[in-house]
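Working notes, beginning with the structure itself.
The values are calculated or read from the model by the stated rules, or taken from the named source; none is laboratory data. All values reported here derive from a predicted model rather than from experimental measurement. Note that each Cβ is placed from the backbone with ideal geometry, even for glycine, and that neighbours are counted across all protein chains shown.
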Amino acid sequence: MRSPTFGIQTVPTKPWPEMAANWKRTEALGFDSVWLPDHFLSVFRQELPFMEAWTLIAGLATVTSRIRIGVLVSCNTFRHPALLAKEAVTVDHISHGRLELGIGTGWVEIEHQLYGIRYPDAPERVSMYDEAIQIVDSLLRNDTTTFAGKHYQLTDAPFRPRPVQSPRPPLTLAAHSPRMLKIIAPYADRWNSMGTPEEMKERGGRLDEACAAIGRDAGEIVRSLLYVPAIMPEENPWASVAAFEDFVGRFQVAGVNEFILQPPLSGDWSIIEQVAEDVLPGLRQI
């Protein structure tokens, strides 16, 4: 069994000094990773300010030194995959090789409508995602890439500098459906999803099957859960130390071995500090 790891996802609605302080705090508390979401607006409170993920993470990389950093997850409909790969390799260098590269299909239709970005139907978004993962993987691994797809085309595209991490920064790939799990099986270093323990167990089983079909050891892939309070109101791991331990225990039984959590909606970090000091060291030894 893989030892569990723990991360925090900070929503970029705060001023720069507060964002920087929260990332420094997350690192000082001993969390394994810290992340940003990728949106044009705050999905559940559109009146709030909202910073862009990749320019922000480049800055935040400079205020941390140990912790792994990432965007969970980059919306594929926002950027050409070659641009995403360039942004990623740049942040990999700025962070001295601490980047975790997250990619997803994109799912919030309203922000596409408001900003005039085309929002393809689900089958097309998944098809675009399939091609984008292949392109990003190839660019980060090779000096040149040629790709002739339905959605993207590259011809002898050079890619320098090479990433700090070898052979490339780890890929965190979001997937829920059976088709998506098959797409990510050859490439994912981390699979990320949201759902109940039952849903995570069922999806994990489908990922196991997809890996077996291509001869890959499914145990190589980190099984990662993102906890968003507004999406999972039935769960509150920040209610108490006991609630956090219960939350982790139930999802571990379902096969989850990484927990990435947004802070409490109240903004109170005291329970996060208590969990980091009193709970995480013991959980990591299980």
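Could you check how many residues of the stretch 49-83 are small (Gly, Ala, Ser), in a strand (DSSP E or B) and without any contact (Cβ under 8 Å) to a residue 40 or more places away in the chain?
1
Could you tell me which residue of the stretch 126-151 is surrounded by the most Cβ atoms within 10 Å (Cβ to Cβ), considering only residues that are under 17 Å from Val73 (Cβ atoms) and β-branched (Val, Ile, Thr)? Among them, the one singled out is Val136. With respect to Ser224, determine if the residue is buried (at least 16 other Cβ atoms within 10 Å of the Cβ), out of contact with any Gly (no Cβ under 7 Å at 6 or more places or on another chain) and among the hydroxyl-bearing types (Ser, Thr, Tyr). It is true that Ser224 is buried (at least 16 other Cβ atoms within 10 Å of the Cβ), out of contact with any Gly (no Cβ under 7 Å at 6 or more places or on another chain) and among the hydroxyl-bearing types (Ser, Thr, Tyr).
Scanning the stretch 171-196 for residues that are touching a residue at least 40 places away in the same chain (Cβ under 8 Å), more than 15 Å from the chain's Cα centre (by Cα) and under 16 Å from Val136 (Cα atoms) yields a single hit, Ile183.
Arg206 - would you say it is surrounded by fewer than 21 Cβ atoms within 10 Å (Cβ to Cβ) and assigned to a loop (DSSP other than H, G, I, E, B)? Spelling it out, it is not the case that Arg206 is surrounded by fewer than 21 Cβ atoms within 10 Å (Cβ to Cβ) and assigned to a loop (DSSP other than H, G, I, E, B).
Only one of these is on the phi > 0 side of the Ramachandran plot and of a type outside the set (Val, Ile, Thr): Gly249, Gly215, Gly204, Gly282. Name it.
Sole residue among the options that is on the phi > 0 side of the Ramachandran plot and of a type outside the set (Val, Ile, Thr): Gly215.
Checking each residue in the stretch 258-286 for being over 29 Å from Asp208 (Cα atoms), part of a loop (DSSP other than H, G, I, E, B) and either of a type outside the set (S, T, N, Q) or touching a residue at least 12 places away in the same chain (Cβ under 8 Å) (or both) picks out Pro263, Pro264, Leu265, Gly267, Asp268, Trp269, Val279. Does Pro123 count as at pLDDT 95 or above and buried (at least 16 other Cβ atoms within 10 Å of the Cβ)? Answer is no for this residue.
Residues that are part of a helix (DSSP H, G or I) and in contact with a Leu (Cβ under 8 Å, 6 or more places away or on another chain) were ranked within the stretch 184-203; the one that is farthest from Pro237 (Cα to Cα) is Ile184.
Exactly one residue among Gly249, Gly255 is touching a residue at least 40 places away in the same chain (Cβ under 8 Å) and small (Gly, Ala, Ser), and that residue is Gly255.
Has the stretch 165-186 got any residue that is surrounded by 18 or more Cβ atoms within 10 Å (Cβ to Cβ), of a type in the set (Gly, Ala, Ser) and touching a Cys at 6+ places or on another chain (Cβ under 9 Å)? Checking the stretch 165-186: at least one residue is surrounded by 18 or more Cβ atoms within 10 Å (Cβ to Cβ), of a type in the set (Gly, Ala, Ser) and touching a Cys at 6+ places or on another chain (Cβ under 9 Å).
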